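Colleague: Let me give you the structure first, and then I'll get to my questions.
The values are calculated or read from the model by the stated rules, or taken from the named source; none is laboratory data. Everything numeric here is computed off the predicted structure, so don't read it as measured data. We place every Cβ from the backbone using ideal geometry, glycine too, and count neighbours over all the protein chains shown. To get the accessible areas, we keep the full protein, side chains included, count just its heavy atoms, and leave off ligands, DNA and RNA. Shrake-Rupley method; radii C 1.70, N 1.55, O 1.52, S 1.80 Å.
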Amino acid sequence: MSKVEISRVQIIFALSWSVIGTAIVTVPFVIAQFTVRDGWIVGLLFSVGGLLSASVAALFVYALPNRSLTSGLIDALGPWLGRVLGLWFLIWLYIINCTVLREAELFVGNTIMPKTPEYVLGFFSMVAVSYAVYMGSEVVMRDSDFIVPLAFLVVPLLIGLSLQHVDVAQLMPVLANGWQSVLRGAVVPDLTYALELLIGLQFAHVLRNSQTLPKDMIISACILTVVATILMVITIGVVGQSASYLQYPVLEVVRSIRVSRFLERLDTLYVMGVISTIFIKLAVFHYAWCEGMKDVFKLSSYRVVAFSGGLLLWAGSIACFRTEAQMEHFIMSVAPAYFVVTLVCIPLLAVMVMKLRKRAQR
């Protein structure tokens, strides 16, 4: 694999679409469980999680340049402890992939294909994802580039048409219930979805310059913060307090768009966009999992587990989360602490050990 395979623009788009893929479906609902009127402030606080991710990445690429996260753990912590923590990271990746696939199955089943069994939707999704991963990281990144022109056409259209239904009074009064509800609503976006940017560490070894990865994460975090804030303002302004019990608040916003008798039912465009971004997220995370398997178990190539790993992931999406309530409980109650331990504590441990080893050598 060539080291100059992925450009900065590609990694920025891949990270941005990976977070947007499931955040646009789940985050508005999660935030609305704690606060509705002040939900747009939670969108602004997304930048805090983005800066945390960029800080961890900066320390990691400085201490372990041109290494993926799994290979860096092995180099810093040794072949035994490094592989144990690498295996922890792989288990985390597997569970997250199962969660994302399950979200995709439920979303497609609830919106456009209610009569199709969810396991059938998941199976064909993973066949396509596994093929993209098998073809290489460049194919995965080009998928993220492909939908950018479409997003520049569709997203401003949907935002502009949605603004006609926004009621600013739904956003007032600001902080009527204080900061507690806002901070509680920010836990999942900041400590789960924002930390997903650190999946970029698994691609550090194929970047042209791994030292630019923290800057790319900051750019991606800024894009996501703007998108999240605009999304929450429009959602709250259109559906109001109904967001607390709607399963897909953003979908209801898009369904409300009507221009006379000639333009309506634009939710088809929204559903297509969500499916496309979820596909990119599954491809990025599945590729990272396959690369990690190669490093931890000394495989000849990541392609060895591309299709078999996809099949295992498909089975796990049903076995781990048999109901939607189980998946929501994992996202809201378990994922924040799990993400902090895996994506913050473990990389920082490797950085600390590497610095101690260099100091001892001096």
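Colleague: Tell me, which residue of the range 298-313 that is out of contact with any Cys (no Cβ under 7 Å at 6 or more places or on another chain) and assigned to a helix (DSSP H, G or I) is surrounded by the most Cβ atoms within 10 Å (Cβ to Cβ)? Lay out the reasoning, then the answer.
Modeller: Step one: filter the range 298-313 for residues out of contact with any Cys (no Cβ under 7 Å at 6 or more places or on another chain), giving 298-301, 303-304, 307-308, 310-312.
Add one more test, that the residue is assigned to a helix (DSSP H, G or I), and what stays is 303-304, 307-308, 310-312.
Numbers: 303: 14, 304: 15, 307: 16, 308: 11, 310: 26, 311: 14, 312: 16.
If we take residues in the range 298-313 being out of contact with any Cys (no Cβ under 7 Å at 6 or more places or on another chain) and assigned to a helix (DSSP H, G or I), then 310 is surrounded by the most Cβ atoms within 10 Å (Cβ to Cβ).
Colleague: Next question. Please give the number of the condition residue 91 fails out of (1) open to solvent by less than 40 Å² (accessible area, probe 1.4 Å); (2) under 16 Å from residue 335 (Cα atoms).
Modeller: The failed condition is (1).
Colleague: Restricting to the range 199-222, give me the number of residues that are outside any helix (DSSP H, G or I) and open to solvent by 10 Å² or more (accessible area, probe 1.4 Å). Break it down into steps so the answer makes sense when it comes.
Modeller: Looking only at the range 199-222, we keep the residues that are outside any helix (DSSP H, G or I), and these are 207-209.
Filter once more, keeping what is open to solvent by 10 Å² or more (accessible area, probe 1.4 Å): 208-209.
Selection size over the range 199-222: 2.
Colleague: When only residues in the range 346-359 that are open to solvent by 70 Å² or more (accessible area, probe 1.4 Å) and within 19 Å of residue 81 (Cα to Cα) count, which is modelled with the lowest pLDDT? Don't jump to the end; show me each part of the working.
Modeller: If we filter the range 346-359 for residues that are open to solvent by 70 Å² or more (accessible area, probe 1.4 Å), which is where we start, we get 352, 355-359.
With within 19 Å of residue 81 (Cα to Cα) added as a condition, the list becomes 352, 355-358.
Numbers: 352: 94, 355: 90, 356: 90, 357: 87, 358: 83.
Ranking the candidates gives 358 first.
Colleague: Filter the range 105-121 for residues that are exposed (fewer than 12 other Cβ atoms within 10 Å of the Cβ) and in contact (Cβ under 8 Å) with a residue 60 or more places away in the chain and give the result. Full working, then the answer.
Modeller: Step one: filter the range 105-121 for residues exposed (fewer than 12 other Cβ atoms within 10 Å of the Cβ), giving 114-115, 117.
Result: no residue meets the conditions.
Colleague: Continuing with the same structure: Filter the range 314-340 for residues that are over 30 Å from residue 128 (Cβ atoms) and either open to solvent by 60 Å² or more (accessible area, probe 1.4 Å) or touching a Gly at 6+ places or on another chain (Cβ under 6 Å) (or both); which is modelled with the lowest pLDDT? First the steps, then the outcome.
Modeller: Here is the first cut: in the range 314-340, the ones over 30 Å from residue 128 (Cβ atoms) are 333, 336-337, 340.
Right, trim to either open to solvent by 60 Å² or more (accessible area, probe 1.4 Å) or touching a Gly at 6+ places or on another chain (Cβ under 6 Å) (or both) and you get 333, 337.
Values: 333: 90, 337: 94.
So the residue we want is 333.
Colleague: Find all pairs meeting these conditions: Cβ atoms under 8 angstrom apart; at least six residues apart or on different chains; first residue within the range 155-183 and part of a helix (DSSP H, G or I); second residue modelled with pLDDT of 85 or more and of a type in the set (Asp, Glu).
Modeller: Pairs found: 181/38; 182/38.
Colleague: Continuing with this model, one more query. When you scan the range 60-74, how many residues do you find that are surrounded by 18 or more Cβ atoms within 10 Å (Cβ to Cβ), assigned to a helix (DSSP H, G or I) and not polar (S, T, N, Q)?
Modeller: Total satisfying the criteria: 7.
Colleague: If a residue has to be in contact with a Ser or Thr (Cβ under 8 Å, 6 or more places away or on another chain), small (Gly, Ala, Ser) and modelled with pLDDT under 90 to count, how many in the range 1-31 make the cut?
Modeller: 1
Colleague: With respect to residue 81, is the statement that it is of a type in the set (A, V, I, L, M), crowded, with 17+ Cβ neighbours inside 10 Å and at negative phi true? Quick ask: steps written out before the conclusion?
Modeller: Numbers: of a type in the set (A, V, I, L, M): yes; crowded, with 17+ Cβ neighbours inside 10 Å: no; at negative phi: yes.
So residue 81 does not fit the description; no.
Colleague: Being outside any helix (DSSP H, G or I) and of a type in the set (Ser, Thr, Tyr) is the filter; apply it to the range 1-41 and report the residue that is surrounded by the most Cβ atoms within 10 Å (Cβ to Cβ).
Modeller: Step one: list which residues in the range 1-41 are outside any helix (DSSP H, G or I), which gives 1-7, 33-38.
From the residues that got through so far, the ones that are of a type in the set (Ser, Thr, Tyr) too are 2, 7, 35.
Working: 2: 10, 7: 15, 35: 25.
Checked the range 1-41; the qualifying residue surrounded by the most Cβ atoms within 10 Å (Cβ to Cβ) is 35.
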